[in-house]
Amino acid sequence: MTFKGQTALPTPTPRRLDPDGIAVEIVERLTYRLGKNAAAAKPHDWLHAVIMEIRDRVIDAWIASTQKTYEEQGRRVYYLSLEFLIGRLMRDAASNMEMLDDLQAALDKLGVDIDLIAALEPDAALGNGGLGRLAACFMESMATVDVPAYGYGIRYVNGMFRQEISDGWQVELPETWLAHGNPWEFERREASYEVGFGGRVDPAEGDDAGPHQMCWRPNERVIATAYDTPIAGWRGNRVNTLRLWEAQPIDPILLDKFNAGDHLGALAESNRAEALTRVLYPADSSPAGQELRLRQEYFFSSASLQDIVRRHVQYFGDVRTLPDKAAIQLNDTHPAVSVAELMRILVDDHGLDFDEAWDITRRTFSYTNHTLLPEALESWPVPLFERLLPRHMQIVYAVNSRLLGEARRSGQFDDGAIGAISLIDEGGERRVRMGNLAFAGSHSVNGVSALHTDLMKVTVFSDFHRLYPTRINNKTNGVTFRRWLMQCNPGLAGLIREAIGERFLDDAEALRELDRFADDSAFQDRFLAVKRANKAALSDLLRQRVAARIDPSALFDIQIKRIHEYKRQLLNIIEAVALYDQIRSHPEKDWVPRVKLFGGKAAPSYHNAKLIIKLANDVARAVNHDPAVQGLLKVQFVPNYNVSMAEVMIPAADLSEQISTAGMEASGTGNMKFAVNGALTIGTLDGANVEMRDHVGEENIVIFGLTAQEVNARRADGYVPRDVIEGSRELGQALQAIAGGVFSPDDPDRYKGLVQGIYDHDWFMVAADFDSYAAAQRQVDALWADERAWAKKAILNVARMGWFSSDRTIREYANDIWKIPA
Ligand SMILES: *Cc1c(COP(=O)(O)O)cnc(C)c1O
């Protein structure tokens with residue numbers, strides 16, 4: 001106790017729970033915390049006052065959870081991720097604290113429009129896409145299933161860029177999500193750590209220094225300061241902490257420089273420190289700025305590991321018991337340098353023997369792999385790694401010699417296999433392989449869908465798998481149903497509640513009880529009415545945002561995700577062009593009115609992805625204004641896809657496009673969100689689509705295209721895309737129209753290269769899958785014509801998707817990997 005002579009601290013008063021009480025408290029916050037007169041308050045002031053009102057209740061639960069964690073003295077999870085794609089928190093927190101209805105009533109009394117102020121909350125967009133969104137869903141689920149957990153990441157000043165479309169092209173603008181302040185975060189000056197870079201390594205001094213103990217003398221240092229955001233689980237059971245690091249210059253040095261008159265030098269140092277946490281790196285970015293990316297990875301790994309070890313030693317006294325009290329999960333390889341950092345802390349700072357430190361390290365870490373794409377497997381040039389992290393380079397070499405020795409002694413590997421296991425890639429420029437470091441330093445390595453995990457065992461990690469045959473396991477991804485059903489689709493959630501009661505709110509698998517309503521025509525009517533209302537809401541939004549006029553009675557066909565060639569937006573656009581031709585050639589047929597919506601960001605340096613956005617917009621302009629189409633086909637690119645946009649688009653979807661080249665999408669989570677909201681999926685047997693088919697039933701999902709095995713076989717047989725194209729009239733004509741400038745009269749050659757790539761190599765098997773895809777789309781049309789049959793399938797999708805709750809995923813992580821019963 002820090003207060004002298006104090007016997008008991010006063011307990012804060014319980015908050016009022018009725019709408020009148022909440023209204024009074026909101027006005028109090030407005031007045032006394034924000035210093036605003038309610039009569040003159042602006043919408044942003046109301047937003048902040050409302051967030052503070054919700055936040056106070058979250059804080060009560062947060063303090064109670066923290067207390068409980070300390071008392072239980074059990075193992076805690078540390079989830080390290082360079083990305084957390086959180087979105088807005090106001091509705092999420094209010095709903096999880098079970099005060100949304102009362103809050104709404106309170107705001108009605110105050111004459112404040114909750115939707116209007118909710119829309120002012122900026123998206124916390126500290127991630128690129130699925131990987132970052134998974135981290136956000138996991139944080140919410142860990143709190144929900146009562147796993148004591150800390151998320152660790154970076155507090156980027158500029159998160160994901162804001163996308164505007166100008167003349168059909170993507171333009172990237174900085175997103176200033178902190179411009180109005182962030183009422184959700186708490187700066188923790190007391191949790192600050194020094195993080196070093198560069199310099200040299202000397203043997204440790206002193207008689208008791210161990211043989212492996214070294215003293216790293218960095219020549220550059222920054223301060224990492226923590227910002228904590230409370231993450232409330234469902235029904236406020238537990239509130240965990242998301243701790244994000246900000247980089248700051250070390251003040252004393254700066255002061256010295258200022259005093260010595262070196263203002264420019266001090267400024268340069270300060271800018272250099274702050275640059276560390278300024279931008280989120282776009283996925284697939286070019287090598288430019290690579291050094292800064294490695295610095296970011298080490299910065300947040302080091303701060304997090306120092307924090308974890310400090311907390312452990314403070315509470316348990318002995319660093320050797322770390323694996324009993326801490327489970328550190330690496331979300332992909334971005335935090336993989338943490339393995340070497342923990343070794344450094346154990347050996348250099350705590351004087352442990354190298355082998356003992358390695359044992360502790362491996363028992364503490366586990367690693368989730370998110371991609372098999374060779375270009376996405378992280379590695380760093382040895383000279384760069386060594387210059388920035390000289391001590392970690394030594395540790396990597398020392399670990400590598402033990403690892404390769406063990407592999408040799410096992411007698412089952414030739415030189416090629418030994419080379420594949422090595423932490424250093426010796427082919428060409430020598431590089432440190434972060435995936436291998438993460439694998440070697442973990443006791444568990446998991447994939448994110450059954451197919452992806454199987455492929456991992458026979459591709460990137462096949463030799464590691466032979467050496468450590470029990471290490472690889474599968475944890476199929478999930479999504480939080482609080483955000484992705486209850487909050488984003490209150491109409492559907494309300495309907496389900498009336499039909500089957502409330503159990504599904506606590507156990508998503510209870511949605512199964514909807515099975516018996518699938519044939520109930522009264523339920524179908526209400527289900528379709530909810531869908532129609534969601535589509536009308538999306539139409540309204542698109543009219544405001546992009547002046548689009550779309551008919552809510554058309555089939556809404558939606559593909560929203562990062563723009564990437566493997567995700568094959570191009571296949572979808574080419575099919576739209578082919579359909580456009582068909583409608584014009586056969587106007588007498590009963591075409592199903594369709595709206596094709598696209599959304600997603602392209603990495604700023606990814607040329608083809610940006611061209612695909614332009615193509616979608618060029619095709620939209622031609623199709624949408626052609627009277628011969630009679631409004632039967634509309635194409636619309638929706639700018640600035642983010643979590644908040646997803647929350648409006650997904651509940652409005654009839655058809656979900658999950659059409660990646662089989663074997664390339666590790667899991668996908670967008671696919672799950674759509675199905676939970678009653679969209680049918682058109683998809684390949686890729687990632688989690690395979691397991692979705694198993695759960696919803698193959699008659700309730702539209703599968704097309706080559707399997708992962710068939711893709712491999714086709715490539716091995718010498719795939720000739722030109723032959724395929726020449727054998728498909730529809731495809732050939734669509735490609736000719738695109739390449740010939742039909743959609744780009746202002747620049748007829750714009751798409752020549754893009755189309756030529758399909759003729760020449762077609763790495764993503766667009767041509768190979770086209771006919772199968774087009775046929776599947778016509779099958780979708782036929783289904784749509786039978787409204788009852790469609791409704792039944794859609795309801796069965798909702799009923800059978802419960803397994804894809806991230807609560808289930810987290811329980812599997814907790815039981816199998818972290819050994820925390822949940
Ligand atoms: C769910 C989600 C993703 C991931 O979508 P995939 O289709 O799985 O690639 C990406 N971005 C946002 C904003 C999301 O909500």
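Taken together, the values in this text are just the output of simple stated rules run on the coordinates, not laboratory data. This structure is a prediction, so every number in the text was calculated from the model and none was measured. So basically every Cβ, Gly included, is an ideal-geometry build from the backbone, and we count neighbours across all protein chains shown.
Of the cross-linked pairs K535/K792; K567/K596; K109/K535; K475/K610; K634/K752, those separated by over 27 Å at the C-alpha level are K109/K535; K475/K610. Of all DSSP beta bridges confined to the chain, the antiparallel ones make up roughly 45%. Close amide H contacts of L555 (hydrogens built in the peptide plane, cut-off under 5 Å, sequence separation of 5 or more or a different chain): R594, V595.
If you look at the Cα atoms of the chain, you get an Rg and a Dmax of 27.6, 93 Å.
Within 10 Å of each residue's Cβ, count the other Cβ atoms and sort V458, V696, V319 from fewest upward.
On the way: V458 9, V696 21, V319 18.
In increasing order of surrounding Cβ atoms, one gets V458, V319, V696.
Which residues in region 60-93 place their backbone N less than 15 Å from a point set 7 Å from the Cα of R310 along the Cα-to-Cβ direction? Answer for region 60-93: none. Once the Cα-Cα distance is subtracted from the 0.36 nm per residue extended length, the Y566 to D202 segment shows a gain of 126.3 nm.
Test of understanding: what is the full-extension gain from E164 to D349, defined as 0.36 nm times their sequence separation minus their Cα-Cα distance? Could you put the intermediate results ahead of the total?
On the way: separation 185, 0.36 × 185 = 66.60 nm, distance 4.90 nm.
Taking 0.36 nm per residue and subtracting the Cα distance, the gain is 61.7 nm.
May I ask for the net charge around M343, where only other residues with Cβ less than 15 Å from the Cβ of M343 are counted and Lys, Arg are +1 while Asp, Glu are -1? Can you show the working numbers first?
On the way: positive: R320, R344, R362, R363, R391, R402; negative: E341, D348, D349, D353, D355, E356, D359.
Net charge in that neighbourhood comes out at -1.
Per-residue extension of 0.36 nm, minus the Cα-Cα distance of D115 and A775, leaves a gain of 233.4 nm for this segment. Only helices enter the 222 nm calculation for the chain: every DSSP H run of n ≥ 4 contributes -39,500 (n - 2.57), and dividing by all residues gives -14000 deg cm²/dmol, rounded to 500.
Short-range pairs are left out: with C-alpha atoms under 8 Å and at least six residues apart, the relative contact order of the chain is 13 percent. Our summary of shape: the Cα atoms of region 54-131 have principal axis extents of 47, 34, 14 Å, ordered from largest down, in whole angstrom. Ordering L131, L389 by the number of other Cβ atoms within 10 Å of each residue's own Cβ, fewest first, gives L131, L389. Among the GluC sites (Glu not before Pro) in region 389-494, those located in a DSSP loop and surrounded by at most 15 other Cβ atoms within 10 Å of their own Cβ are E426, E429. Shown is the FRET efficiency for D359 and C215, computed with R0 = 35 Å from the Cβ-Cβ distance and rounded to the nearest 0.05: 0.90.
Determine the distance separating the Cα centre of region 223-247 from the Cα centre of region 116-166; give it in Å without decimals. Centre-to-centre (Cα) distance: 12 Å.
Going from the fewest other Cβ atoms within 10 Å to the most, the residues V339, V742, V595 appear in the order V742, V595, V339. Mind running the shape call on region 465-589? Use the C-alpha gyration tensor, a ≥ b ≥ c as the square roots of the eigenvalues: rounded below 1.5 for a/c, prolate if a/b tops b/c, oblate otherwise. It comes out oblate by the Cα gyration axes.
In summary, the helical segments of the chain meeting the span-like criteria, namely a full DSSP H run, a Cα extent along the axis of 27 angstrom or more and a mean Kyte-Doolittle hydropathy of at least 0.0, are 766-785.
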